[in-house]
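The values are calculated or read from the model by the stated rules, or taken from the named source; none is laboratory data. Computed from a predicted structure; not experimentally measured. When we count neighbours, we look across all protein chains shown, and the Cβ atoms used for this are built from the backbone with ideal geometry, even at glycine. Surface accessibility is based on the protein's heavy atoms, side chains included, excluding ligands, DNA and RNA. Shrake-Rupley method; radii C 1.70, N 1.55, O 1.52, S 1.80 Å.
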Amino acid sequence: MKFRHSFLAAIAALSMTACGDFLEPDSESEFVPEDAVSLNELLLGEAYIRNDMKGFNIFLGLLEDDIEAAPYQTPNSGFDGNLYIAGYTWQPDMFEMMEEAGAGHINLYESYYEVILGANAVIDYLPDVNDTPDNKNRVKAQAYALRGFYYLNLVNIFGQPYNSNPESLGVPLKLNSGIEDGYLDRKSVKEVYAQILSDLHTAEEAYLSLPESEQWDDDYRTSLPMVQLILSRTYLYMENWSKAAEYAKKVMDNKNFRLVDLNEIPYYRNDDEGNEVRNYAVFPTYSSSETIWPYGNIDDMFEWTYEGMNSINASTNQKMHAYFQASEELLNTYVDWDLRLLYYIVNIETGSGNEMPMAFAKVNTGTQYGLPQNATGVFGRCLRLSEAYLNYAEALAMIGNDLDAAAETLNDLREKRFNPEDYEDETFATQEELIEFIRDERRRELCFEGHRWFDLRRWGMPSFTHKWYNDEETANVYRLEEGDLMYAVPIPDEALNMNPKLVQNELPGKRTYIVE
């Protein structure tokens, strides 16, 4: 145990230095790991998105059209609406606004590069450790899988969509844990994607060198099917339809997973006090046969969307409710007998006794509201099998030479989301009709799982609006224009100030509104 603490302390010191200088450490750790066991500890502590790290997705869900502001409520004393308005209305100075509103230090750019540094340290140390090829490949596979996954998120947060302008500015590629000779500049989106594919294919090769029994386990580590699903997603974003389909099919054929039939989830359950409450579909745990890899802190999803939900307003003595809810547009994409309306969307009571549809039911961990009373240590996101089905269907539909197979895949998924007596296979007269339906199905199935904003980007960056309630009678409406510059999140000023070679995205002026 003393060895473990001294090892992690040394790595933590390296990470804190890197954090301060945005991955330009002043010195290297004096401790050198000797075997793969030590590197595995380093991965877990420094390269995985840990439960004590926030800021990876904390406001990204507010950017999309699956969420809308809930009906007005009198805010608690000291509440500053700019905390939410900054991201919700796509403001070019969103990070500054959030900090001034009391959010504290929010920096997605820094959060991702911190864990990339951890993966880089493992990759740097790996050639020099003494261990068996299998033990080294287990570590190698994880480090490259994580780095590829993180860069895919980074470039889709801060860069333009690949299919829109692959030569536009992406993000810097930091590929080692040592000191750089100079500052790092932004590589093109195309160059970043090339590195993502290189990392993921390296991870895949390392996993394939291991016995099949060690290519996936329910141990919260990355795995071969995790890598293959992210490869499918990456190729989908690049519109390499044949490769997207190929890797999606590998995941679909993996015998460790099966689609969850929502008919098999009890509608009610008993809570800790024995009271009968509504039950919801739970995906970010291995109790679900769809779960490939749970990751991330639940606060990354919930912290701002459920603010005040279970509290009492001191000035009005009324129960507060969430500031955001599932959008009417999203809810209207479901037919009334779709079971996902019951199992994916929570209806909570507002202070007035009415119900409102609350997002994020799918990460319910034990309360009737679909939200944990004690969120510490709970995973909030996961990669799951249904994405592979949707990637495969979309890729086949876009290729266009086997529309029947695309429709069959889509219907295999949908059959698990309806009562048998309510279900009928969907049929499609044209390729365009099938593609449109697949996109809507992706929205229904993957809502609030971190896909919608990235999908909107690659599907043409459409225009839509967000409404914010100033009081019970007045609302401000903000519009995101088609192809809007804010489809790429601005790099935080803090990062720009630390690295003079960083170039900011082209930004619009301050977002204005119209009064309804």
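Odds and ends about this structure:
- Loop-resident sites, segment 103-212, for GluC sites (Glu not before Pro), counting at most 10 other Cβ within 10 Å (DSSP): GLU167
- Excluding same-chain neighbours fewer than eight residues apart, the lysines reachable from LYS510 by a Cα-Cα span under 24 Å are LYS467.
- Tensor-based shape of segment 182-313 (alpha-carbon gyration tensor, a/c under 1.5 rounded, otherwise prolate or oblate): oblate
- Residues whose amide H comes within less than 5 Å of that of ILE348, counting only those at least five positions distant or on another chain, are MET356, MET358 (H built at 1.01 Å from N in the peptide plane).
- Only one residue of LEU210, VAL489, TRP293 has its Cα farthest out toward the positive end of the dipole of the chain, where Lys and Arg carry +1 and Asp and Glu -1 on Cβ, and that residue is LEU210.
- Rel. contact order, % - alpha carbon contacts under 8 angstrom, at least six apart, segment 147-250: 24 percent
- The lysines whose alpha-carbon is closer than 27 Å to the alpha-carbon of LYS174, local same-chain residues fewer than 8 away aside, are LYS54, LYS136, LYS140, LYS187, LYS190, LYS243, LYS501.
- Each of LEU108, SER177, TYR334 was placed along the dipole of the chain (beta-carbon charges, centred on the mean Cα), and the one lying farthest toward the positive end is SER177.
- Here is the list for segment 443-516: trypsin sites (Lys or Arg not before Pro) lying in DSSP coil, each with at most 15 other C-beta atoms within 10 angstrom of its C-beta, are LYS501, LYS510.
- Kyte-Doolittle at least -1.0, axis length at least 30 Å by Cα - qualifying DSSP helices, the chain: 133-158
- Computed [θ] at 222 nm, deg cm²/dmol, the chain (DSSP H ≥ 4; -39,500 (n - 2.57); rounded to nearest 500): -11500 deg cm²/dmol
- Assuming charge only on the beta carbon of Lys and Arg (+1) and of Asp and Glu (-1), the dipole of the chain about its Cα centre is about 540 debye to the nearest 20.
- Remark: the ALA194-GLU41 segment gains 52.2 nm on full extension, using 0.36 nm per residue and subtracting the alpha carbon distance.
- Of the residues PHE79, ASN57, TYR150, the one whose Cα sits farthest toward the positive end of the charge dipole of segment 38-181, with +1 on the Cβ of Lys and Arg and -1 on the Cβ of Asp and Glu, is TYR150.
- Cβ crowding within 10 Å averaged over residues, with 243-249, 339-345, 144-150 ranked highest first: 144-150, 243-249, 339-345
- For segment 452-497: relative contact order, % (alpha-carbon pairs under 8 angstrom, 6 or more apart): 33 percent
- In Å², nearest 10: area of TYR280 left accessible to a 1.4 Å probe: 10 Å²
- Under the criterion of Cα pairs below 8 Å and six or more residues apart, the relative contact order for the chain equals 19 percent.
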